[in-house]
1. Can you name the condition, by its number, that V158 falls short on among (1) surrounded by 12 or more Cβ atoms within 10 Å (Cβ to Cβ); (2) in contact (Cβ under 8 Å) with a residue 12 or more places away in the chain?
2. Pull up segment 81-107, narrow it to residues that are among the hydrophobic types (A, V, I, L, M, F, W, C) and at pLDDT below 95, then point me to the one that is nearest to A229 (Cα to Cα).
3. Residues of segment 92-117 being under 19 Å from K180 (Cβ atoms) and either basic (K, R) or not in a loop (DSSP other than H, G, I, E, B) (or both), which ones?
4. Can you name every one of the helices (runs of 4 or more DSSP H) wholly within segment 190-294 that holds 3 or more residues which are more than 14 Å from P152 (Cα to Cα), within 22 Å of the chain's Cα centre (by Cα) and in the same structural domain as K118 (by TED's automatic domain parsing)?
5. Which count do you get for residues in segment 1-58 that are in a strand (DSSP E or B) and over 14 Å from L127 (Cβ atoms)?
6. Quickly run through segment 133-157 and pick out the residues that are part of a helix (DSSP H, G or I) and closer than 29 Å to T289 by Cα.
7. I need every pair where a residue in segment 44-71 that is free of Cβ contacts under 8 Å to residues at least 60 places away in the same chain has its Cβ under 7 Å from the Cβ of a residue that is basic (K, R), sequence separation at least 6 or different chains.
8. Could you please tell me which pairs satisfy a Cβ distance under 8 Å, a separation of 6+ or placement on different chains, a first residue in segment 10-38 that is surrounded by fewer than 16 Cβ atoms within 10 Å (Cβ to Cβ) and modelled with pLDDT under 95, and a second residue that is part of a loop (DSSP other than H, G, I, E, B) and not β-branched (V, I, T)?
Amino acid sequence: MNYVFKADKDTTERIITSFDREYFVQPVPYSDYRISYDDCIITVYSSGKVMFQGENRRIYAASFFGLEATQAQEEEKSPAPAVFPQAGSDEVGTGDYFGPICVCRCYLDGNIYRKVEKLNLIDSKQLSDAAILEIAPQLIKHVPHSLLILSPEKYNSVHQEANLNKIKALMHNKAYVNLKNKGFRLPSQIVIDQFCSPASYYRYISEEKDIIRNITFETKAENKYVSVACGAIISRYAFLTEMDRISEKYGMQFPKGAGEKVDVFIREFVSRHGEDELRKVAKTDYKNTEKALR
């Protein structure tokens, strides 16, 4: 696991002045500093968060934030003992104005897990984009999975009749149906990172011909079930890949999330390419559209 803390200005200053400049390496997106020293990588993000990675991450995290703080994160993020076989799914992209919604389910048994257990299989939100791009291809190679990608253009079409939670429920169910159709016998432990109540979930998919039941719904499931963590990492990889593709296509670096930077970017994009093109790359029902354009 990585350690991630919210740092005040004094702590941030103490971190960056504790190391000689020769140990500072190229920052990753959305970061101000990145330090590589003694088998530990320390990333200081523009948001004020600091992440510690590498073999000696615990030593340096504790030196700046205290032993109790690192132990608290270990207890919070420690997954339940793995029970195999298991299947888990998670989605990425619903909090982003630009880009697709990606849902991936993964199947793991003991043999498959041993092929990937040395990878950093934690909550994908705690992994840098660079780490996702390194880990995901190895998961894709070794872990049976079903990946669904809903483009913004398709989302804007189906959203006329289905809200976001219904769209996610349909995609999760379809991912498990695909798993079953690939010849895998669904295990007794099937997990979804919970985004709505079980009753609502099954109501959303009630008209589907094939409905997968006996699902465990848990919040923060990425931290508890390795199959869910794998699904989130692959989903994030697909999202990042598509964001890179549209950035190259339009000659503009698309921002992630749905903050003020996105609003500014919307106006610039529309001035260059028009609103018709916006519907191909953005979930236009999000409030950003109205804030930016109207």
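1. For V158, the exception is condition (2).
2. Across segment 81-107, the extreme among qualifying residues is A82.
3. Keep residues of segment 92-117 that are under 19 Å from K180 (Cβ atoms), which gives 103-109, 112.
Hits for segment 92-117 are V103, C104, R105, C106, Y107, L108, I112.
4. Details: elements: 198-204, 226-250, 260-273, 275-281, 287-293.
Qualifying helices (runs of 4 or more DSSP H): 226-250.
5. Start the filter on segment 1-58 by keeping residues that are in a strand (DSSP E or B), which leaves 3-6, 24, 31-37, 40-45, 49-53.
Filter once more, keeping what is over 14 Å from L127 (Cβ atoms): 5-6, 24, 32-37, 40, 42, 44, 50.
Count: 13.
6. Within segment 133-157, the first condition is being part of a helix (DSSP H, G or I), and the residues that meet it are 133-142, 152-157.
P152, E153, K154, Y155, N156, S157 - these are the residues of segment 133-157 that are part of a helix (DSSP H, G or I) and closer than 29 Å to T289 by Cα.
7. Close Cβ pairs (under 7 Å, with a partner that is basic (K, R)) amount to G48/K6; K49/K6; F64/R14.
8. V28/S128; Y30/S46; Y30/S47; D32/S46; D38/N56
The values are calculated or read from the model by the stated rules, or taken from the named source; none is laboratory data. Bear in mind the structure is a predicted one, so any value in this text is a computation, not a measurement. Please note: Cβ atoms are built from the backbone with ideal geometry, for glycine as well, and neighbour counts cover all protein chains shown.
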